[in-house]
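The values are calculated or read from the model by the stated rules, or taken from the named source; none is laboratory data. If you're wondering where the values come from, they're calculated on a predicted model, not measured in any experiment. Every residue, glycine as well, gets a Cβ built from its backbone with ideal geometry; the counts of neighbours run over all protein chains shown. Protein only, heavy atoms only, side chains kept; ligands, DNA and RNA dropped before computing areas. Shrake-Rupley method; radii C 1.70, N 1.55, O 1.52, S 1.80 Å.
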Amino acid sequence: MTGRDAYPWQIGLAAVVWMALGALLISSGIGFTGSDADTEQVDKISGSLGADTVVSTAQHGGGVLWILLGIAVLLVAALLAIGQGWSRYVLFALGFTAVIALGVAARWEVVLAMGFFVAGSLPLLAPRAHRYLAP
């Protein structure tokens, strides 16, 4: 195997980062990443500023969506890891959808998801990775 045909490390790095995004989405959908707010403080703030000011820590829907998105990201990232070039385009769309869904739901995980989205996309722009994944 020559240097041109060797598996680029950028693809492996990108696949690992995309898998981390999938794991984050699944953990967010299951509720592992939820925060526990002090109920006494929440009641105090709600009493002084109004009930609409404080968002409850309960799941506001989207849990199933995030789990499904997470599973899809994990599966497509595995396909990227084995060198399927088309999978990068699907990952871009899934990652963008995940960031938007978390942002609309006002989840703190959107910050990590955006970081994973960028960190997973940038290595795929390397010329060597692009040549390897090109049809």
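Structure values in brief
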{"item": "Cβ-Cβ under 9 Å pairs, at least 6 apart or on other chains, region 122-135 side of a type in the set (D, E), far side assigned to a loop (DSSP other than H, G, I, E, B)", "result": "none"}
{"item": "Residues located in region 102-135, provided they are small (G, A, S) and either within 20 Å of L79 (Cα to Cα) or part of a helix (DSSP H, G or I) (or both)", "result": "G103, A113, G115, A119, G120, S121, A126, A129, A134"}
{"item": "Tally, over region 16-26, of residues that are closer than 12 Å to A78 by Cα and surrounded by 24 or more Cβ atoms within 10 Å (Cβ to Cβ)", "result": "2"}
{"item": "Single residue of A14, A78, A72, A20 found to be under 16 Å from G95 (Cα atoms) and either in contact with a Lys or Arg (Cβ under 9 Å, 6 or more places away or on another chain) or modelled with pLDDT under 60 (or both)", "result": "A14"}
{"item": "Among (1) open to solvent by less than 80 Å² (accessible area, probe 1.4 Å); (2) modelled with pLDDT under 90, the one test that L49 misses", "result": "(1)"}
{"item": "Subset of region 66-102 [open to solvent by 40 Å² or more (accessible area, probe 1.4 Å) and within 12 Å of the chain's Cα centre (by Cα)]", "result": "I67, L68, I71, L74, F92, A93, F96, T97, I100"}
{"item": "Flag for P123 being open to solvent by 40 Å² or more (accessible area, probe 1.4 Å) and farther than 13 Å from A20 by Cα", "result": "no"}
